[in-house]
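Visitor: My questions all concern the structure below.
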There are 2 protein chains.
Amino acid sequence: MSNSPLFLPRGFRFAGTTCGIKASGKPDVSLIVSDRPIVAAGVYTTNQIVAAPVVLSRSRTPSAAIRAVLTNSGNANACTGEQGMADAKATCAQLAELVGCNENDVLVMSTGVIGKPLPMDKIRVGVEQAHGKLANDDTAFIEAAEAIRTTDADRKTESCELTLGGQTIRIAAMAKGAGMIAPNMATMLSVMCTDASLTEQDAQQMLARVANVSFNRVSVDGHTSTNDTLLLLASGSDDPLSGDALAQFEASLTELAIKLAKQLVADGEGATHVMQIHVVGASSDTSAEIIAKTVAASPLVKTAISGGDPNWGRIVSAAGYAGQPIEPSQVALSVCGQSIYDKGTPLSFDAASLSGTMKAHPQIDIELRVGSGAGEATYWSSDLTTDYVRFNSEYTT
Amino acid sequence: MSNSPLFLPRGFRFAGTTCGIKASGKPDVSLIVSDRPIVAAGVYTTNQIVAAPVVLSRSRTPSAAIRAVLTNSGNANACTGEQGMADAKATCAQLAELVGCNENDVLVMSTGVIGKPLPMDKIRVGVEQAHGKLANDDTAFIEAAEAIRTTDADRKTESCELTLGGQTIRIAAMAKGAGMIAPNMATMLSVMCTDASLTEQDAQQMLARVANVSFNRVSVDGHTSTNDTLLLLASGSDDPLSGDALAQFEASLTELAIKLAKQLVADGEGATHVMQIHVVGASSDTSAEIIAKTVAASPLVKTAISGGDPNWGRIVSAAGYAGQPIEPSQVALSVCGQSIYDKGTPLSFDAASLSGTMKAHPQIDIELRVGSGAGEATYWSSDLTTDYVRFNSEYTT
């Protein structure tokens, strides 16, 4: 949960409410409504088993005419067949009527249990309630962010303000759940709202690039959900940003997305550390990303980090089996700033002292050189603890 | 540990001894010696960080002139630079002198801690001791199999006898450690000895095929070691097997390799169940293998299995993110023979009863149809338990 002040963009209203989808009685319906048709872009799960809301939203983005985003938590509307699609469409139609727009101009996201039909009677009440509460203030934004949570320990929001060519632009974003970290198939959902002016095409291309260096660079357990969705809504009505201003905006959006992505990892089930893995010297950036991801996903690396063990052997050998070219005699590694392996050979170091440092720091920086190439990439992952296993095995379908 | 009777092939002598490489005082030097030059084939780790013994043995196979295999446990001789290569060569030279052969006709395997030089004084004594004990009997074979263990809970041996064209042929094989399952980087090592007559080329091609459907189809934590080695030694001096007899021999060798591979998984650290994942309906066998491996590696599937949870959502969605073509409307799944998902939709079933069945069975059979193609593959994996995490995080370099 970020304690930074909120910078809410103009042109949006937000709401969150509780309609009883969740047995816990926690908020479960979230709305974002725009005052007028705006630009929206989307990036979705690459899983081939996709939930109805993903199919629907994917077919509706990019767009220059979106009016609203409806999210429910507690039920993912996944593996629900034709009924699921009909239900997703019906909830969009209901909100469209309340907002006064075409149902195709509403986007929808769902997260929660899969294989169970949406409780339509409850959701109908929830959408109506939430619509009645819409407001452009911090409380409304926070309530909207609360209502997309499933097993997240905290709500996840980030916002910023930047000045581009004398114009003040704001971005406020919310997110929930990193990967399929939870018994009920937690999903990564995020909506980034801005009052910048963007073309439909710029928004879509930018969002794909932003996702690739933020949400696509984090992993809790490597399990891609059926419902993952990242949306960008841009409400500006001036001339669209271009040139340097567009690039500066993208840099800010990227920074915000990385902050949110790291929040997701830090809140991974059972996680006690975030690993930041920076690979350099690879044959290309893509190669560096694959190596970083392989190190990040290794259960032996993840358990070493949770145990405060500067285990160079596990890290170096994970790089070695990533299927990417490396130069063994050039491999070098530092952990928390301490060099422990160089030119393909372990260095002598004070393991007890470094272990103490690792245990004391919530973020473990791993710097790994794999050769003399120019490729580099950063990846974030949580460590693997007995709590992760306990949460995910002490649950019965 | 198999309780089947041993069928020892002719032409080999075996020995295991203790020379103090391991602090535990357990056996750590193992020898297999042939009476005359024989055919040997090898399949090695695909990790780009490879230990000196792998580099050496890889350069010496396939061969028709191998006389001996020397294995030490307790020290992997990995990440040990030029000294490591010199030490590996020196141990081969010592054994070659005792056996009376060229040092290039000795193969070598090591497993244990990495980054530490081999304790050459101890190994020299061990090789001499073991050479003095060589014998062709069950006790000697079992002692040789004991001496390649690291953290394996049991020794792993399998053997069989078959009649090909009126000739009796025997195969006896030993193995240790599944993947990098242990704090000290356990390695998969296996030697399969037979008195069949094989050409060098047939032996090498057959061993690669056998590895692909056995040792390459099992996973504990997906971490590929720097030292993995599989050897086939064939001592027969008659006309080499060909045609049907060769095919029948390969079938028996494959069966034995799969039995050993499953022993490795069952002995994975903390493992309480073996998952057998059979994927059908894929676009090709390779595609089926990738899907099966993705399901096998998912921490959410592995924790569900350890918890006795018939969680179709985790299994089906893992198939969906494997990056292989699937037909969602054709997806069907059964667990322990109980159909729980069909035609892309969950079925209603007695979850408590199926969970009870899962908890009671050491092997969980997962049958997954992903489409209407002809591709199929089987993969074996261990489940993920809190014990795995505890073993691998409560260790300090």
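The values are calculated or read from the model by the stated rules, or taken from the named source; none is laboratory data. Quick caveat, the model's predicted, so the values are computed rather than measured. Reconstructed Cβ throughout: ideal geometry from the backbone, glycine too, with neighbour counts over all protein chains shown.
Visitor: Hey, among the residues in region A:44-60 that are of a type in the set (Ser, Thr, Tyr) and crowded, with 22+ Cβ neighbours inside 10 Å, which one's modelled with the highest pLDDT? Before the answer, list the steps.
Guide: Filtering region A:44-60 down to residues of a type in the set (Ser, Thr, Tyr) leaves A:44-46, A:57, A:59.
Cutting the leftovers down to crowded, with 22+ Cβ neighbours inside 10 Å gives us A:45, A:57.
On the way: A:THR45: 89, A:SER57: 97.
Out of the qualifying residues, it is A:SER57.
Visitor: Would you check if there is a residue in region B:117-132 being surrounded by fewer than 24 Cβ atoms within 10 Å (Cβ to Cβ), within 27 Å of B:GLY236 (Cα to Cα) and small (Gly, Ala, Ser)?
Guide: Yes, some residue in region B:117-132 is surrounded by fewer than 24 Cβ atoms within 10 Å (Cβ to Cβ), within 27 Å of B:GLY236 (Cα to Cα) and small (Gly, Ala, Ser).
Visitor: Just to be sure I understand, how many residues within region B:21-78 are of a type in the set (S, T, N, Q) and part of a strand (DSSP E or B)? Show your work before the answer.
Guide: We begin by selecting, within region B:21-78, every residue of a type in the set (S, T, N, Q); these are B:24, B:30, B:34, B:45-48, B:57, B:59, B:61, B:63, B:71-73, B:75, B:77.
In the following step, the residues that additionally are part of a strand (DSSP E or B) were identified as B:30, B:34, B:63, B:71-73, B:75.
Within region B:21-78, residues that are of a type in the set (S, T, N, Q) and part of a strand (DSSP E or B) number 7.
Visitor: What about B:ALA292, is it without any contact (Cβ under 8 Å) to a residue 24 or more places away in the chain and outside any strand (DSSP E or B)?
Guide: Details: without any contact (Cβ under 8 Å) to a residue 24 or more places away in the chain: no; outside any strand (DSSP E or B): yes.
So B:ALA292 fails the test.
Visitor: Out of region A:102-120, which residues are in contact with a strand residue (DSSP E or B) (Cβ under 7 Å, 6 or more places away or on another chain), within 14 Å of chain B (Cβ to nearest Cβ) and not in a strand (DSSP E or B)?
Guide: Selection gives A:GLY115, A:LYS116.
Visitor: Which numbered condition in (1) free of Cβ contacts under 8 Å to residues at least 24 places away in the same chain; (2) under 30 Å from B:THR294 (Cβ atoms) is the only one that B:THR150 fails?
Guide: (1)
Visitor: Filter region A:349-385 down to the residues that are of a type in the set (S, T, N, Q) and within 24 Å of the chain's Cα centre (by Cα), then identify the one that is nearest to the other protein chains (Cβ to nearest Cβ).
Guide: From region A:349-385, those of a type in the set (S, T, N, Q) are A:353, A:355, A:357, A:363, A:372, A:378, A:381-382, A:385; that's our starting set.
Subset that is within 24 Å of the chain's Cα centre (by Cα): A:363, A:378, A:381-382, A:385.
Values: A:GLN363: 18, A:THR378: 22, A:SER381: 12, A:SER382: 11, A:THR385: 6 Å.
Per the criteria, the residue is A:THR385.
Visitor: Taking the condition of being surrounded by 15 or more Cβ atoms within 10 Å (Cβ to Cβ) and touching a helix residue (DSSP H, G or I) at 6+ places or on another chain (Cβ under 8 Å), how many residues in region B:326-344 meet it?
Guide: 10
Visitor: For region B:18-50, name all the residues that are in contact with a strand residue (DSSP E or B) (Cβ under 6 Å, 6 or more places away or on another chain) and within 14 Å of another protein chain (Cβ to nearest Cβ).
Guide: Selection gives B:TYR44 alone.
Visitor: Step by step: first the residues of region B:66-83, then only those that are more than 27 Å from B:GLN204 (Cα to Cα) and without any contact (Cβ under 8 Å) to a residue 40 or more places away in the chain, then the one that is surrounded by the fewest Cβ atoms within 10 Å (Cβ to Cβ). Which residue is that?
Guide: Taking region B:66-83 as the starting set, the residues that turn out to be more than 27 Å from B:GLN204 (Cα to Cα) are B:74-75, B:79-83.
Then keep just the ones that are without any contact (Cβ under 8 Å) to a residue 40 or more places away in the chain; that gives B:80-83.
On the way: B:THR80: 23, B:GLY81: 15, B:GLU82: 9, B:GLN83: 13.
Only one residue tops the list, namely B:GLU82.
Visitor: Which is away from chain A (no Cβ under 14 Å), modelled with pLDDT of 95 or more and touching a Phe, Trp or Tyr at 6+ places or on another chain (Cβ under 7 Å), of B:LEU253, B:LEU232, B:LEU246, B:LEU241? Write out each step before concluding.
Guide: Working: B:LEU253 fails: touching a Phe, Trp or Tyr at 6+ places or on another chain (Cβ under 7 Å); B:LEU232 fails: touching a Phe, Trp or Tyr at 6+ places or on another chain (Cβ under 7 Å); B:LEU246 fails: touching a Phe, Trp or Tyr at 6+ places or on another chain (Cβ under 7 Å).
Step by step, each of B:LEU253, B:LEU232, B:LEU246, B:LEU241 is checked, and only B:LEU241 is away from chain A (no Cβ under 14 Å), modelled with pLDDT of 95 or more and touching a Phe, Trp or Tyr at 6+ places or on another chain (Cβ under 7 Å).
Visitor: Just for region A:295-314: of the residues that are of a type in the set (Gly, Ala, Ser) and either touching a residue at least 12 places away in the same chain (Cβ under 8 Å) or assigned to a helix (DSSP H, G or I) (or both), which one is nearest to A:ALA351 (Cα to Cα)?
Guide: At the first step, the residues of region A:295-314 found to be of a type in the set (Gly, Ala, Ser) are A:296-298, A:304, A:306-308, A:313.
With either touching a residue at least 12 places away in the same chain (Cβ under 8 Å) or assigned to a helix (DSSP H, G or I) (or both) added as a condition, the list becomes A:296-298, A:304, A:306, A:308, A:313.
Details: A:ALA296: 21, A:ALA297: 23, A:SER298: 21, A:ALA304: 13, A:SER306: 15, A:GLY308: 10, A:GLY313: 13 Å.
Ranking the qualifying residues of region A:295-314, first place goes to A:GLY308.
Visitor: Of the residues that make up region A:27-38, is at least one free of Cβ contacts under 8 Å to residues at least 40 places away in the same chain, in the same structural domain as A:LYS116 (by TED's automatic domain parsing) and farther than 30 Å from A:ALA153 by Cβ? Don't jump to the end; show me each part of the working.
Guide: Here is the first cut: in region A:27-38, the residues free of Cβ contacts under 8 Å to residues at least 40 places away in the same chain are none.
Checking region A:27-38: not a single residue is free of Cβ contacts under 8 Å to residues at least 40 places away in the same chain, in the same structural domain as A:LYS116 (by TED's automatic domain parsing) and farther than 30 Å from A:ALA153 by Cβ.
Visitor: Next question. Select from region B:50-65 the residues that are touching a Phe, Trp or Tyr at 6+ places or on another chain (Cβ under 8 Å) and touching a residue at least 40 places away in the same chain (Cβ under 8 Å) and list them in ascending order. I'd like the intermediate steps shown before the answer.
Guide: Step one: list which residues in region B:50-65 are touching a Phe, Trp or Tyr at 6+ places or on another chain (Cβ under 8 Å), which gives B:50, B:54, B:57-58.
Of everything in region B:50-65, those that are touching a Phe, Trp or Tyr at 6+ places or on another chain (Cβ under 8 Å) and touching a residue at least 40 places away in the same chain (Cβ under 8 Å) turn out to be B:VAL50, B:VAL54, B:SER57.
Visitor: Only one of A:ASN227, A:ASN216 is assigned to a helix (DSSP H, G or I) and of a type in the set (S, T, N, Q); which?
Guide: Details: A:ASN227 fails: assigned to a helix (DSSP H, G or I).
Checking each option against the conditions leaves just A:ASN216.
Visitor: Against the definition (over 17 Å from the mean Cα position of the chain (by Cα) and crowded, with 24+ Cβ neighbours inside 10 Å), how does B:ILE169 come out, yes or no?
Guide: On the way: over 17 Å from the mean Cα position of the chain (by Cα): yes; crowded, with 24+ Cβ neighbours inside 10 Å: yes.
Against the criterion (over 17 Å from the mean Cα position of the chain (by Cα) and crowded, with 24+ Cβ neighbours inside 10 Å), B:ILE169 qualifies.
Visitor: While we're looking at this one, here's another question. Considering only region B:97-115, I want to know if a residue exists there that is touching a His at 6+ places or on another chain (Cβ under 9 Å) and touching a residue at least 12 places away in the same chain (Cβ under 8 Å).
Guide: Step one: list which residues in region B:97-115 are touching a His at 6+ places or on another chain (Cβ under 9 Å), which gives B:98-99.
Those left that are additionally touching a residue at least 12 places away in the same chain (Cβ under 8 Å): B:98-99.
Among the residues of region B:97-115, at least one is touching a His at 6+ places or on another chain (Cβ under 9 Å) and touching a residue at least 12 places away in the same chain (Cβ under 8 Å), which makes the answer yes.
Visitor: Working carefully through the options B:SER190, B:SER219, find the one that is out of contact with any Gly (no Cβ under 8 Å at 6 or more places or on another chain), assigned by TED's automatic domain parsing to the domain that holds B:THR71 and either in contact (Cβ under 8 Å) with a residue 40 or more places away in the chain or not small (Gly, Ala, Ser) (or both). It would help to see each step written out before you state the result.
Guide: Values: B:SER219 fails: out of contact with any Gly (no Cβ under 8 Å at 6 or more places or on another chain).
Just one listed residue meets the conditions, B:SER190.
Visitor: Let me ask something else. Collect the residues in region A:271-305 that are within 13 Å of another protein chain (Cβ to nearest Cβ), more than 14 Å from A:SER219 (Cβ to Cβ) and of a type outside the set (A, V, I, L, M), keeping them in residue-number order.
Guide: Listed by number, the residues that qualify are A:THR272, A:SER283, A:SER287, A:THR303.
Visitor: Within the group A:SER355, A:SER306, which residue is surrounded by fewer than 24 Cβ atoms within 10 Å (Cβ to Cβ) and over 18 Å from B:THR224 (Cα atoms)?
Guide: After applying the criteria, what remains is A:SER355.
Visitor: Does region A:355-390 hold any residues that are among the acidic types (Asp, Glu) and in contact with a helix residue (DSSP H, G or I) (Cβ under 7 Å, 6 or more places away or on another chain), and which are they? Lay out the reasoning, then the answer.
Guide: In the first step, residues of region A:355-390 are kept if they are among the acidic types (Asp, Glu); the result is A:365, A:367, A:376, A:383, A:387.
Across region A:355-390, the qualifying residues are A:GLU376, A:ASP383.
Visitor: Quick check on my filter: what residues within region B:320-337 are in contact with a strand residue (DSSP E or B) (Cβ under 6 Å, 6 or more places away or on another chain) and either in a helix (DSSP H, G or I) or at the interface with chain A (Cβ under 9 Å from one of its Cβ atoms) (or both)?
Guide: Those that are in contact with a strand residue (DSSP E or B) (Cβ under 6 Å, 6 or more places away or on another chain) and either in a helix (DSSP H, G or I) or at the interface with chain A (Cβ under 9 Å from one of its Cβ atoms) (or both): none in region B:320-337.
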